[in-house]
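Contents: one structure, followed by commentary.
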Amino acid sequence: GENVEQHPSTLSVQEGDSAVIKCTYSDSASNYFPWYKQELGKGPQLIIDIRSNVGEKKDQRIAVTLNKTAKHFSLHITETQPEDSAVYFCAASTHLGQFYFGTGTSLTVIP
Amino acid sequence: DVKVTQSSRYLVKRTGEKVFLECVQDMDHENMFWYRQDPGLGLRLIYFSYDVKMKEKGDIPEGYSVSREKKERFSLILESASTNQTSMYLCASSLGGATGELFFGEGSRLTVL
């Protein structure tokens, strides 16, 4: 089955700096790569996603890049704010509709 | 607004008890999932269902079973709870199809003593 690895497990940045979280996947059949944000006491919520026919996608301060050849994808958050502090999960999904998640990154934005 | 509701936010059970975790979605989604979340291990899939009365094993089904008698409801059952099943359990649903967004409930934190 699919194996998704995520790094780093924890990340601290100063407010206003950028944060980058990286994931790799193993199954070349994976074709959908969402990113979820989980705030304390809540379930994960989708923040951005990318499909395998696209190399980059941006939504305001958040961007995701995908390198299919190398089987890795990354989340970029620019101009970080304290409300960006949360746990972030990457995931990979194949045409079968199963989602495989990374182990999570705890992001802390220091005011 | 999309909603996935898990009936219990916190439960404390004893070893050997039978435990039911209930999940209801109001979006008419075909797919429903149960995940377990543990620190350092991320979200691991226990069971999922693509339709009423059907179920498929995920990566860690041992010690669990599920029931989906109605489209909107997906129950996770621990037949005989053990201490290593102490965890956060997350239910999710998605529209049919391979790349539909997953919508999560707020989680049920289960402690087995």
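The values are calculated or read from the model by the stated rules, or taken from the named source; none is laboratory data. Owing to the predicted nature of the structure, the values given are computational and were not obtained by experimental measurement. All Cβ positions, glycine included, derive from the backbone under ideal geometry; neighbour counts span all protein chains shown.
Here are a few things to note about the model shown:
- Odd one out for B:G40 among (1) more than 24 Å from A:S9 (Cβ to Cβ); (2) among the small types (G, A, S); (3) part of a loop (DSSP other than H, G, I, E, B): (1)
- For the range B:53-86, filtering for residues that are surrounded by 18 or more Cβ atoms within 10 Å (Cβ to Cβ) and either free of Cβ contacts under 8 Å to residues at least 12 places away in the same chain or on the phi > 0 side of the Ramachandran plot (or both) leaves 0.
- Boolean, A:S9 is surrounded by fewer than 20 Cβ atoms within 10 Å (Cβ to Cβ), of a type in the set (S, T, N, Q) and within 14 Å of another protein chain (Cβ to nearest Cβ): yes
- Only listed residue being of a type in the set (V, I, T), surrounded by 17 or more Cβ atoms within 10 Å (Cβ to Cβ) and more than 20 Å from B:M88 (Cβ to Cβ), chosen from A:I77, A:I110: A:I77
- Criterion violated by A:S93 - all others in (1) within 23 Å of B:G42 (Cα to Cα); (2) at pLDDT below 95; (3) in contact with an Asp or Glu (Cβ under 8 Å, 6 or more places away or on another chain) satisfied: (3)
- Checked against (1) at pLDDT 95 or above; (2) among the acidic types (D, E); (3) within 21 Å of A:G41 (Cα to Cα), B:E17 meets all criteria but (3).
- Whichever residue in the range A:28-73 is of a type in the set (S, T, Y) and surrounded by fewer than 13 Cβ atoms within 10 Å (Cβ to Cβ) and, among such residues, is farthest from the other protein chains (Cβ to nearest Cβ): A:T69
- Of the strands (runs of 3 or more DSSP E) that lie entirely inside the range A:1-84, those containing 2 or more residues that are touching a Cys at 6+ places or on another chain (Cβ under 9 Å) span A:4-7, A:19-25, A:32-38, A:72-77.
- Within the range B:6-58, if we keep just the residues that are under 11 Å from the mean Cα position of the chain (by Cα) and of a type in the set (V, I, T), the residue that is farthest from the other protein chains (Cβ to nearest Cβ) turns out to be B:V24.
- Qualifying residue in the range B:4-12 (condition: in contact with a Ser or Thr (Cβ under 8 Å, 6 or more places away or on another chain), more than 24 Å from B:E101 (Cα to Cα) and loosely packed, with under 14 Cβ neighbours inside 10 Å): yes
- The range A:74-92 - residue that is in contact with a Leu (Cβ under 9 Å, 6 or more places away or on another chain) and under 23 Å from B:C91 (Cβ atoms) and, of those, farthest from the other protein chains (Cβ to nearest Cβ): A:A86
- Yes/no for B:L43 being surrounded by 15 or more Cβ atoms within 10 Å (Cβ to Cβ) and touching a helix residue (DSSP H, G or I) at 6+ places or on another chain (Cβ under 8 Å): no
One line per residue, one yes/no per condition, for (1) modelled with pLDDT under 95; (2) polar (S, T, N, Q); (3) closer than 26 Å to A:S52 by Cα; (4) part of a strand (DSSP E or B):
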residue: B:D59; (1), (2), (3), (4): yes, no, yes, no
residue: B:S67; (1), (2), (3), (4): no, yes, no, yes
residue: B:F74; (1), (2), (3), (4): no, no, no, yes
residue: B:A81; (1), (2), (3), (4): no, no, no, no
residue: B:M88; (1), (2), (3), (4): no, no, no, yes
residue: B:S93; (1), (2), (3), (4): yes, yes, yes, yes
residue: B:G96; (1), (2), (3), (4): yes, no, yes, no
residue: B:G100; (1), (2), (3), (4): yes, no, yes, no
